[in-house]
Amino acid sequence: MPDLEWESPAPRSHPFKAATMHKHDWLILLLLLVIEAILLMIEPFRRLVIEDMMTDMNYPPLKTNTVLFWAVPILAILLPFVVFLIYYFTRDDVHDFRPVILGIISSVVLTATITNALKDTVGRPRPDLFCRSFPHGIGVFDTMMKDVICHGDLAVIRKGCKSFPSGHTSWSFAGLSYLSWYLAGKIRAFDRWSHIAKLCIIHFPWLLVAFVAISRVDDYWRHCQDVFAGSLLGSVVAAFCYLQFFPYPNDMNGWAPRTFFHTMEERNGVHSSAQRVNSSHPQQPQVEASFRG
C-alpha cells in the first residue's frame, strides 16, 4: 500500500452533488420512511388485559409529556446536524460531511422503523391504559374472560397499546449516541493521553438522552422495560450505522471517515504510477542531450 501524502488534501466536491454517489442508499431510506408511515397506521396487536392486571395500569390519566414529541427530532437530528455543519464549515471537509449525514439519518430512520414494527407486534399496554379505556373512572370487564371492555376514545386507546419499546427513548439514543461516537473520533478521546475533559464532552449527549428516557417513566407513559429496550435498540443501531462509515474512535485513523482514506490511497496510487511512467520514459530534452553526448 502506498504511503499517504497527508499534505495533499483530498479532492473537493459540493456536498449535495457528492450525495448522489449514495443515491441507492437514499432510495432505501425513502422506502423505510414509507414503511414507517404504514406502520403508524396499522392497528397494534390486541393483548388480553384482565381486571387483575389493571392495578399496574391505573396511573394518572394522560399526564403531560416532560419531553414533548416535537422536541425529540430536535435532540436526535437537529442538534447533531448543527455539530456536523459547524465542523463542515470550519474544515470544508465534504468527505466527512457526506457519510456523517447519511449515517445519522440511517440510524434514526432504521430505529424508528424497528421501533414501530415492535410496537405493532408486541402491543403492550401503557401504564395509563385504565384511564384511557375508562375516562369516567368506572371499569367495565367481560363477565367470562374478565377482559377489559374499553369505552374511551378509540384513537387514544390505540396509542395506549403501543408501549414497547419507547419511541422517545429509541429515537433519542439513535441520534445522540451517534453524536457521541462522532465526537469521540473527532476529538480523539481515546488517544491514550487520558484527558477527562474529552470524556465529559462525549458523555454530554448521553446525559441528554438519559433525561429523555427517565422522563418517560416519570410521566407514567412507559414501563421501565420499555425504556430499557428503546435505549438498547437505539444505541445498537447507532453503533452499527456509525461504524459503517467511520473506524472505531480508538483507531489511529478514527478521526476521519473510511472514504477519505480510500480516496487518498487512490490518489497516491495514481500519482505513484505516473511517476513510474515518467521515470521509464525520458522527457524530450533528456533524449536530445543523450544524442548530443
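The values are calculated or read from the model by the stated rules, or taken from the named source; none is laboratory data. Values in this document were obtained by computation on a predicted structure and should not be read as measured data. When we count neighbours, we look across all protein chains shown, and the Cβ atoms used for this are built from the backbone with ideal geometry, even at glycine. For the accessible areas, the whole protein counts, side chains as well, though only heavy atoms, and no ligand, DNA or RNA atoms are used. Shrake-Rupley method; radii C 1.70, N 1.55, O 1.52, S 1.80 Å.
I need a count of the residues in the range 68-85 that are open to solvent by 50 Å² or more (accessible area, probe 1.4 Å) and out of contact with any Gly (no Cβ under 8 Å at 6 or more places or on another chain).
Of the residues in that region, 8 qualify.
Within the range 148-169, is there a residue that is touching a strand residue (DSSP E or B) at 6+ places or on another chain (Cβ under 9 Å) and modelled with pLDDT under 85? Reasoning before the result, please.
If we filter the range 148-169 for residues that are touching a strand residue (DSSP E or B) at 6+ places or on another chain (Cβ under 9 Å), which is where we start, we get 148-149.
From what's left, modelled with pLDDT under 85: 148-149.
So far as the range 148-169 goes, yes, one or more of its residues are touching a strand residue (DSSP E or B) at 6+ places or on another chain (Cβ under 9 Å) and modelled with pLDDT under 85.
Can you tell me how many residues in the range 184-225 are part of a helix (DSSP H, G or I) and open to solvent by 30 Å² or more (accessible area, probe 1.4 Å)?
Of the residues in the range 184-225, 19 are part of a helix (DSSP H, G or I) and open to solvent by 30 Å² or more (accessible area, probe 1.4 Å).
So how many residues does the range 36-67 have that are more than 21 Å from ASN116 (Cβ to Cβ) and loosely packed, with under 12 Cβ neighbours inside 10 Å?
So the answer is 5.
Out of the residues in the range 150-170 that are over 17 Å from LEU79 (Cβ atoms) and in contact with a Leu (Cβ under 7 Å, 6 or more places away or on another chain), state the one that is most open to solvent (accessible area, probe 1.4 Å).
So the residue we want is PHE164.
Every residue, every condition in (1) assigned to a helix (DSSP H, G or I); (2) at pLDDT below 95; (3) crowded, with 19+ Cβ neighbours inside 10 Å, yes or no:
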site: TYR87; (1), (2), (3): yes, yes, no
site: THR90; (1), (2), (3): yes, yes, no
site: HIS95; (1), (2), (3): yes, yes, yes
site: PRO99; (1), (2), (3): yes, yes, yes
site: THR115; (1), (2), (3): yes, no, yes
site: ASP120; (1), (2), (3): yes, yes, no
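Which of the residues belonging to the range 226-280 are open to solvent by less than 60 Å² (accessible area, probe 1.4 Å), part of a loop (DSSP other than H, G, I, E, B), hydrophobic (A, V, I, L, M, F, W, C) and at pLDDT below 85?
Across the range 226-280, the qualifying residues are TRP255, ALA256.
PHE173: part of a helix (DSSP H, G or I), open to solvent by 40 Å² or more (accessible area, probe 1.4 Å) and either of a type in the set (A, V, I, L, M, F, W, C) or under 18 Å from LEU78 (Cβ atoms) (or both), yes or no?
On the way: part of a helix (DSSP H, G or I): yes; open to solvent by 40 Å² or more (accessible area, probe 1.4 Å): no; either of a type in the set (A, V, I, L, M, F, W, C) or under 18 Å from LEU78 (Cβ atoms) (or both): yes.
It is false that PHE173 is part of a helix (DSSP H, G or I), open to solvent by 40 Å² or more (accessible area, probe 1.4 Å) and either of a type in the set (A, V, I, L, M, F, W, C) or under 18 Å from LEU78 (Cβ atoms) (or both).
Based on this model, can you work out whether SER180 counts as polar (S, T, N, Q), open to solvent by less than 20 Å² (accessible area, probe 1.4 Å) and within 21 Å of ASP251 (Cβ to Cβ)?
yes
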